[in-house]
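Novice: One structure is given below, represented as structure tokens, and several questions about it will come after.
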Amino acid sequence: MDRNEGWMRWLALAAPLLMVGAGSALARDSEPNGQDGPLEQCLACHRPGNPAAAVPLITGQNEGYLRNQLRAFRERHREGFPMPAFTVDLDDRAVSAYAARISALPWAPGGDPVGSELALAAGAEAAERHDCASCHGPAFLGADEIPRLAGQNRAYLVRQLRDFAREGRHHPPVGTGARMYHLDEGEVGAIATWLASLRPDTDHELSP
């Protein structure tokens, strides 16, 4: 059993205990200056270096995007164990407060960039072909309701791109009108590797 599999099995066993009262605790801590205990529950999972690397980095993510995703989990418009249970008791005020607090924290990229020059070039070319920058911006920092992708966990990006490709998660048409439902596995891996490697906060050049 590898580390990721072991972590996910532990989470599956422990989640019922972790979720008892978790949604209520988050709801109680809905003030921006409230206690940080429930917030720490979020960040304990959504952090760089988490063995379950398929979870997204969220600190410093765009506030509008975080707010929309919390609402989507609460309303069961988006699935992602155990998020629906954590958000079920959050009202709109709590959702907005948490989104603001998490967005205000510093962004921490998901580890050192990985990938050969050839792999990075393939990812950059695939991202350009699918017109990803038309929404996410030339530096892939997104804005408001559009998420930042630069420096995100590669495993999470792979999972989301696969969901888009398999129509398991909706992705609106890009600037050219193309959809993300035709990505093959090679493009998924290449785009994820390239996006995870981007460090626009420090890099002057995005192209590998």
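Read-outs: derived from the displayed coordinates by stated rules, not from any lab. This structure is a prediction, so every number in the text was calculated from the model and none was measured. Positions of Cβ are generated from backbone atoms using ideal geometry, with glycine treated the same way; all protein chains shown enter the neighbour counts.
Novice: Please tell me the relative contact order of the stretch 117-197 in percent, rounded to the nearest whole number, where contacts are Cα pairs under 8 Å and at least six residues apart. If you can, show how the numbers build up before the last one.
Specialist: Values: 103 pairs, mean separation 35.0, N = 81.
Worked out over the stretch 117-197, it gives 43 percent.
Novice: What is the fewest-to-most order of Asp89, Asp184 by other Cβ atoms lying within 10 Å of their Cβ?
Specialist: Values: Asp89 16, Asp184 10.
Starting with the residue having the fewest Cβ neighbours, the order is Asp184, Asp89.
Novice: Apply 1/(1 + (r/R0)^6) to the Cβ-Cβ distance of Ala121 and Arg199, taking R0 = 22 Å, and write down the FRET efficiency to the nearest 0.05.
Specialist: Working: r = 17 Å, r/R0 = 0.76.
Once the sixth-power term is evaluated, E becomes 0.85.
Novice: What does the highest-first list of 58-68, 73-83, 186-196 look like by mean Cβ count within 10 Å? Walk me through the numbers before you get to the answer.
Specialist: On the way: 58-68: 19.3, 73-83: 15.5, 186-196: 22.5.
With the highest mean Cβ count within 10 Å placed first, the list reads 186-196, 58-68, 73-83.
Novice: At a temperature of 4 °C and a viscosity of 1.567 mPa s, determine how fast the stretch 72-135 diffuses translationally according to Stokes-Einstein, using the Kirkwood radius over alpha-carbon pairs as Rh; express D in µm²/s, rounded to the nearest whole number. Mind dumping the intermediate values first?
Specialist: Values: Rh = 15.3 Å.
In µm²/s, the coefficient is 84.
Novice: How big, in percent, is the set of alpha carbon pairs in the stretch 75-180 lying more than 25 Å apart?
Specialist: Values: 1717 of 5565 pairs.
Counting every Cα pair in the stretch 75-180, those more than 25 Å apart make up 31 percent.
Novice: Just subtract the alpha-carbon distance of Arg166 and Asp184 from 0.36 nm times their residue separation and send over the number in nm, one decimal. List each step's numbers first, then the result.
Specialist: Working: separation 18, 0.36 × 18 = 6.48 nm, distance 0.97 nm.
Gain in length upon complete extension: 5.5 nm.
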